[in-house]
């Protein structure tokens, strides 16, 4: 599901504010995504686990509840996307660079 947004041509940022909201920025315009695809703890944790795996970093768990990581995701068009994970604040962001 997140990959669908990462493939957009004019995407500049994705912001997932925990289970509360998801926003994308395209062409300088912010839009809230409704319905929020990660609106449950289970869905959000699944996303975090997947992103941690892509970034080759350990996913947070009970012993280590914090995750602060940056890594590059390359989408199907070859665009480089900087993914920043800060799980202590339940915030996931992605910035696209070309």
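Read-outs: derived from the displayed coordinates by stated rules, not from any lab. Treat the numbers as computed from the prediction; the structure is a model and nothing was measured. Cβ placement follows ideal geometry from the backbone for every residue including glycine, while neighbour counts extend to all protein chains displayed.
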Pop the C-beta distance of residue 49 and residue 12 into the FRET formula with R0 = 30 Å and round what comes out to the nearest 0.05. 0.75
Place a point 7 Å from Cα of residue 1 in the direction of its Cβ. Which residues in the stretch 18-44 have their backbone N less than 12 Å from it? 19-22, 33-44
